[in-house]
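Below: the structure, in structure tokens.
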Amino acid sequence: MRAIVPDYIREAIRSLPPLPAAVQQLLTLVREPEVDFKRIVKVIESDQTLTVRTLRAANSAFYGASRQIQTVRQATVLLGREAIVNLALSISVMNLESSLNGAWAQHAEAFWRHSIATGTAARALAHAQRTCDPGEAFVAGLVHDIGKLVLLMHHGEMYADVLQHAQGEPLHAYEKEHLGIHHAAVGEALCIHWNLPDEITEAVAAHHDPNRQAPGTLAGAVGYANDLVKIARIGGSGNRYVELCPPARQLIRSMEAPTQATLLQALPQKVQDTEEVFRSTSTSEQPSPTGTGAIAVHLTDPAAREIVRLALCFHGYTPTGPDLPPLSSGDGAATVGATVTDDDPTGTSAGPVLSFRAWAEAHTSTDGHHLNIVALHNWLCDGLQQVPAATG
């Protein structure tokens, strides 16, 4: 069910730069059941900037082509028509960067890094699970927060204040309360205005609505990827909260342990590689792991346990405990240096003991379904400072 969008938002959407004519033509062509590759090539080659950036991207590690691609025709044949259209769309969306940088200079860098990271993570999940198209997953992740651009351009300083003060509850809930609409609904309206594919539009609309994120769907991959990159501390979306999702929606845990480890450990570098492809300049600085060694995790709530596990992994620790395979970028030392537990079992654990239940009461949203991930990282960093470095 589509949200009701106020007229002033529709006016703001119409004031945004349109997609390039070439991309609009490509989106029309790709909907045809059978289309000659020559027509797609001709449309791309009609836009010099699009041609240059398409070839640059096609030859990057992002696509991993087995040989040098020298022409748009080669790129289209080797990558496929859907991939080449998704690539062109991604390039065009990134060209909106200048619009956001002018209106939101303080946060633009973090916003684009978060958007690129979400697209990268969604694409990696799609590859690993083989449930949705990786190219569409990247585009949907890239544009999932595009509604914020519309709100920022219309509301200006008012929306900047919303981003600043939405610290006690998820941003989309705070937006709905103070503006009457949230960025996911605005993003859906923009996708419709741009005539983007239905699956991408639905993923943008549903990335904060678990009831619309069925397993195996593009919406599910994007919603999960959005939270994953927040847990990984890559970029900034203005939203401090991640969903406490049930085990059925914990996509990483549905994979084999080696696949999980590869995806998690490679994600920061993949984001940096992707940013170098889609941005003319990149100053990407990915967070470095801050610790080593093993941390015992004994939490009864599987949703909280999974978020803590992932956060520890991205900090460089090896989380251990029941049903926790070793997924850290650290050295995997067997000696437990600290414990994260529901309650404080004083005197029964080696090293610092972090009582999660008491902390979480003050950092869970009022709806009970979201956890403040920024506060969690700060809490872990403070509590684990006493952990000795692993010696192997």
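Nothing in this text is a laboratory measurement; each read-out follows from the coordinates by a stated rule. Everything numeric here is computed off the predicted structure, so don't read it as measured data. Note: ideal-geometry Cβ built from the backbone for every residue, glycine included; neighbour counts use all protein chains shown.
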Please give the contour-minus-distance gain from Asp367 to Gln70: 0.36 nm per residue of separation, less the Cα-Cα distance, rounded to one decimal in nm. 101.6 nm
In a Gaussian network model of the chain with springs linking alpha carbons closer than 10 Å, the residue among Ala219, Ala108, Ala21 that fluctuates most is Ala21
Can you divide the C-alpha Rg of region 18-93 by 2.2 N^0.38 Å and report the result to two decimal places? 0.99
Assuming R0 = 25 Å, can you tell me the calculated FRET efficiency for the pair Asp382 and Thr300, based on Cβ-Cβ distance, to the nearest 0.05? 0.60
The residues His165, His154, sorted from fewest to most surrounding Cβ atoms within 10 Å, come out as His165, His154
At 222 nm, what value in deg cm²/dmol follows for the chain if DSSP H runs of at least 4 each add -39500 (n - 2.57) and the sum is divided by all its residues, to the nearest 500? -16500 deg cm²/dmol
Tell me, what is the percent relative contact order of the chain, built from C-alpha pairs under 8 Å that lie six or more residues apart? 14
If contacts are Cα pairs under 8 angstrom and at least 6 residues apart, what is the relative contact order of region 109-148 in percent? 44
Normalised per residue, the volume inside the convex hull of the alpha-carbon atoms of region 1-49 in Å³ amounts to 93
Of the residues Leu196, Gly168, Ala296, the Cα lying farthest along the dipole of the chain towards its positive end, which is defined by charges on the beta carbon of Lys, Arg, Asp and Glu, belongs to Leu196
Out of Val77, Val85, Val340, a Gaussian network model of the chain with alpha-carbon springs under 10 Å gives the largest mean-square fluctuation to Val77
Report, for the chain, the % of DSSP beta bridges that are antiparallel, rounded to 5. 25
Over all alpha-carbon pairs in the chain, figure out the percentage whose distance exceeds 35 Å. 27
Could you give the size of the charge dipole of region 18-93 about its Cα centre, using +1 on the Cβ of each K and R and -1 on the Cβ of each D and E, expressed in debye and rounded to the nearest 20? 180
Given Cβ charges of +1 for Lys and Arg and -1 for Asp and Glu, the option among Leu152, Gly180, Ser115 whose Cα lies farthest towards the positive end of the dipole of region 111-187 is Ser115
Give me Ile4, Ile307 ranked fewest to most by other Cβ atoms within 10 Å of their Cβ, as a rough exposure proxy. Ile4, Ile307
To the nearest 20 Debye, how big is the dipole of region 1-148 about its Cα centre, given +1 on the beta carbon of each Lys and Arg and -1 on that of each Asp and Glu? 260
Region 55-98, Rg to Rh (Cα coordinates; Rh as Kirkwood inverse mean 1/r): 0.99
To the nearest 20 debye, what charge dipole does the chain have about its Cα centre, counting +1 at the Cβ of each Lys and Arg and -1 at the Cβ of each Asp and Glu? 1080
Hey, can you list the DSSP H helices of the chain whose Cα span along the axis is 27 Å or longer and whose average Kyte-Doolittle score is at least -0.5? 108-129, 257-278
Which parts of region 212-245 would a label at Ala110 reach, counting a residue when its backbone N lies under 19 Å from a point 7 Å out along Cα-to-Cβ? 226-243
